[in-house]
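Each reported figure results from applying straightforward, stated rules to the coordinates on display, with no laboratory input. What you are looking at is a predicted structure, and each value in this text was computed from that prediction instead of being measured. Cβ placement follows ideal geometry from the backbone for every residue including glycine, while neighbour counts extend to all protein chains displayed.
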Amino acid sequence: MMKSTEVFSAKEFSDMENIRARYQEPASAILPLLHYVQGAQGHLSEQALTFVAEFIGVPHVRTFEVATYYTMLFTEPVGRHLVQVCRNLSCHVNGAEEVLQGLKRELGIDVGATTPDRVFTLVEVECIGACDHAPAMMIDGDLHRSVTVDSVSRILNSYREKP
Amino acid sequence: MSELKILTRNVSRPNPAHIDSYLVNEGYVALPRALNEMTPEEVIDEVKIARLRGRGGAGFPAGMKWDFASRDRRKPKYIICNADEGEPGTFKDRVLIENDPHAILEGMALAGYAAGAEKGFIYIRGEYPQGARILERAIAEATSRSFLGDNILNSGFNFSVTVHRGAGAYVCGEETALIESLEGKRGQSRIRPPFPVNVGYSNLPTVVNNVETLASVPPIILRGGAWYASIGTPECPGTKLYSVSGHVARPGVYELPMGVTLRELIFDNAGGMREGRTFKAAFPGGASSACLDESQLDVKLDFNSLAVAGSMLGSGAVIVLDDTADMVKATHVLIKFFEHESCGKCTPCREGLFWVRRILDQILEGSASEQDLDLLLEICEGIRSTSFCGLGEASVSCVESTIKKFRGEYLAYLRNSGSGEAETEAAS
């Protein structure tokens with residue numbers, strides 16, 4: 001059995017206990033716990049996944065299979081800011097491809113990659129429910145609507161200094 | 001047709017998500033009325049009289065779902081609000097979540113009372129972190145005023161709600177995959193039957209209703225099922241939230257009586273096409289619906305009429321394309337989406353969509369032959385008829401319908417490796 005202090009701070013562990021307590025069925029807390037751990041640590045390390053499985057009382061494989069299934073969960077480190085560009089139809093016909101090219105130019109990386117300074121990771125996502133203001137993208141939890149090639153640089157700059 | 005604001009009645013109010021804004025406009029009036037004056041059976045009957053059909057896409061009668069769950073004697077039972085709207089082109093539930101969360105909570109409590117459930121979950125897509133925060137705050141407000149929690153308004157009825165965030169999996173919008181995900185597993189569909197109303201969350205009776213469906217319930221209890229049934233069409237009563245996007249002048253969510261035509265929605269409500277452009281096609285029910293062409297502009301946008309027209313209403317996500325659209329590229333975009341989102345459980349969807357995308361790649365590259373169109377349709381038929389869940393079945397509608405209606409654009413790619421636009425005229 002892993003000790004929590006190997007992976008988490010006391011505060012993190014106590015937050016995790018609160019999340020687990022919200023569910024009568026402990027396994028239902030897996031996804032909220034993985035969201036929480038990723039928020040706190042940036043990604044889901046093997047250690048963290050092993051600990052969460054033991055914390056919930058399920059085989060280790062359970063947290064690994066969940067972590068590798070969902071698009072929004074990362075088992076490898078990502079940049080400090082996650083840039084998610086919608087590439088679905090409503091955004092596509094309103095210039096998403098140009099926006100994506102602009103982002104690639106500005107960041108100097110391809111889709112799926114992280115900038116060498118580890119500030120940004122660029123990914124494509126499927127419909128973020130902002131089709132009325134296409135093209136749209138999300139950076140961390142912030143929605144950016146009606147993005148243009150010209151506004152890409154300004155938007156990215158507003159994140160460079162953010163923690 | 002002008003908008004009829006029943007679900008969106010609070011959307012343009014100041015600070016709409018706050019409980020006081022909800023209360024001044026008959027908010028939390030239906031719930032005490034039901035708890036004090038109606039039996040659970042009477043609540044179910046009212047929803048049956050309203051003939052409210054599920055707004056998530058399937059159109060199943062909500063009253064029947066509640067009835068089935070209420071008749072199951074096993075406890076506890078669960079109400080799940082499906083707020084995982086992931087169908088590309090859909091953004092209607094977001095409007096309700098962000099602007100009228102209490103209508104959703106009141107609808108859930110009414111569903112809980114009707115079906116005999118004391119616990120509710122809102123499964124909200126991971127891409128809506130702000131929506132999740134708004135719902136959390138609304139739950140705290142409602143609990144502090146005894147509209148949720150133990151012994152609601154001294155009625156003896158208990159009902160609590162937990163917000164549960166998804167993590168970016170389209171398939172989790174399908175109710176059994178959603179339940180798997182809520183149980184802390186990979187979100188993959190279950191075989192049906194048994195249906196969730198009997199064997200749902202933790203294998204217990206579970207009602208899964210869409211956000212819009214649940215938000216429709218308080219007005220139905222307040223004004224009566226007969227009033228609601230008088231709106232829209234006889235088979236599909238009520239209003240519908242249509243998410244309109246793509247090449248229209250004013251994209252947005254429009255609440256209209258069911259059965260508004262595509263032409264009315266685009267030209268009367270969404271501002272028509274962009275200046276100087278003409279209508280070419282629309283996917284009336286999001287990425288998984290078959291496209292409609294210009295000859296179908298007068299089709300009514302309701303469950304039955306769209307089924308007759310060979311398409312489907314789905315969640316009411318109307319993606320409109322004008323004469324600049326390349327239908328082959330549009331189809332390619334949609335198929336890449338489905339390929340990415342296939343959960344991998346069944347072979348036809350997992351492998352089939354890979355091959356469909358590969359052939360579309362080749363068509364766009366100019367390295368395919370006309371026989372490949374037949375092969376494409378053959379694979380689509382296989383996926384449609386043998387996929388495990390409805391999402392797999394519907395994934396190929398875009399390919400089948402665009403080949404049928406815009407074959408000329410495909411042929412143009414096959415004949416020369418240039419753009420397909422030159423052939424559009426001949427096709428339509």
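Largest mean-square fluctuation among B:Glu41, B:Glu180, B:Glu365, in a Gaussian network model of chain B whose springs join Cα atoms under 10 Å apart, belongs to B:Glu365.
Cα centroids of segment B:147-186 and segment B:366-406: 35 Å apart. Between segment A:27-75 and segment B:300-359, what is the separation of their alpha carbon centroids in Å? Result: 32 Å between the Cα centres. Under the classification rounded if a/c is under 1.5, otherwise prolate if a/b is larger than b/c and oblate if not, where does segment A:81-160 fall, given a ≥ b ≥ c as square roots of the Cα gyration tensor eigenvalues? Verdict is prolate for segment A:81-160. Modelled label positions at B:Thr233 and B:Asn203, each set 7 Å beyond Cα in the direction of Cβ, lie 4.2 nm from each other. If you run the Gaussian network model on chain A, springs between alpha carbon atoms under 10 Å, then out of A:Val61, A:Val147, A:Val125 the most flexible one is A:Val61.
Please compute the contact order of segment B:237-396 in relative form: average sequence separation of alpha-carbon pairs under 8 Å and at least six residues apart, divided by the residue count, as a percent. It would help to have the intermediate numbers written out before the result.
On the way: 262 pairs, mean separation 31.1, N = 160.
Relative CO of segment B:237-396 lands at 19 percent.
Around the Cα centre of the protein assembly as shown, unit charges on the Cβ atoms of Lys, Arg, Asp and Glu (plus for the first two, minus for the last two) sum to a dipole of about 1140 debye. For B:Lys280, the lysines whose Cα comes closer than 26 Å to its Cα, not counting residues fewer than 8 places off in the same chain, are B:Lys92, B:Lys240, B:Lys300, B:Lys329, B:Lys336, B:Lys404, B:Lys405.
Going by a ≥ b ≥ c, the root eigenvalues of the Cα gyration tensor, does the protein assembly as shown fall in the rounded group (a/c under 1.5), the prolate group (a/b larger than b/c) or the oblate group?
Values: a/c = 1.60, a/b = 1.16, b/c = 1.38.
In terms of gyration-tensor shape, oblate.
Left without a cysteine partner by the 4.7 Å Cβ rule in the protein assembly as shown: A:Cys127, A:Cys131, B:Cys81, B:Cys172, B:Cys236, B:Cys291, B:Cys343, B:Cys346, B:Cys349, B:Cys380, B:Cys389, B:Cys398.
Quote the convex hull volume per residue of chain B, based on C-alpha atoms, as a whole number of Å³. Numbers along the way, then the final one.
On the way: hull volume 54.0 nm³, N = 428.
It comes to 126 Å³ per residue, whole-number rounded.
Quick one: among A:Thr121, A:Thr71, A:Thr148, which has the greatest mean-square fluctuation in a GNM of chain A with alpha-carbon springs under 10 angstrom? Most flexible of the set in this elastic network: A:Thr71.
As a ratio to 2.2 N^0.38 Å, the alpha-carbon radius of gyration computed for segment B:19-229 takes the value 0.92.
Let me spell out the model: positive unit charges on the Cβ of Lys and Arg, negative unit charges on the Cβ of Asp and Glu, origin at the Cα centre of segment B:1-66. What dipole size does that give, in debye rounded to 20?
Approximately 360 debye in magnitude.
Taking every Cα-Cα distance in segment B:128-201 and sorting them into 10 Å bins from zero, the calculated P(r) comes out as 18, 33, 33, 16, 0 percent.
Relative contact order for chain B using alpha-carbon pairs under 8 Å, separation at least 6, rounded to a whole percent? Please report the intermediate quantities before stating the final value.
Values: 898 pairs, mean separation 68.4, N = 428.
So the answer I get is 16 percent.
If both residues of a DSSP beta bridge must be in the protein assembly as shown, then about 45% of such bridges are antiparallel.
Couplings 3J(HN,Hα) of segment A:129-142, computed from phi: x, 10, 5, 6, 10, 6, x, 10, 8, 10, 10, 6, x, 8 Hz, in residue order, whole Hz [Karplus 6.51 cos²θ - 1.76 cosθ + 1.60, θ = phi - 60°; x for Gly and Pro].
Note down the relative contact order for chain A as a percent, whole number, built from C-alpha pairs under 8 angstrom at least six residues apart.
On the way: 225 pairs, mean separation 29.2, N = 163.
Relative CO of chain A lands at 18 percent.
Cut-off is 10 Å between beta-carbons; in what order do B:Ser155, B:Ser401, B:Ser288 appear when sorted fewest neighbours first? Walk me through the intermediate numbers first.
Working: B:Ser155 14, B:Ser401 21, B:Ser288 28.
Placing the least packed residue first, the sequence is B:Ser155, B:Ser401, B:Ser288.
When the helix-only estimate is applied to chain A (DSSP H runs of n ≥ 4, each -39,500 (n - 2.57), divided by the residue count), what is the mean residue ellipticity at 222 nm, nearest 500 deg cm²/dmol? Present the calculation step by step, with values, prior to reporting the outcome.
Working: 7 runs with 71 residues, N = 163.
Calculated at 222 nm, the ellipticity per residue is -13000 deg cm²/dmol.
With the charge dipole of segment B:1-99 set up from +1 on Lys and Arg Cβ and -1 on Asp and Glu Cβ about the Cα centre, the Cα lying farthest toward the positive end among the listed residues B:Ala62, B:Ala30, B:Pro16 is that of B:Ala62. Rounded to the nearest whole angstrom, the semi-axes of the ellipsoid equivalent to chain A, taken from the Cα gyration tensor as √(5λ), stand at 34, 17, 13, largest first. By the count of neighbouring beta-carbon atoms within 10 Å, fewest first, B:Phe354, B:Phe195 end up ordered B:Phe354, B:Phe195.
Measuring between their Cα centroids, segment B:262-286 and segment B:57-88 lie 33 Å from each other.
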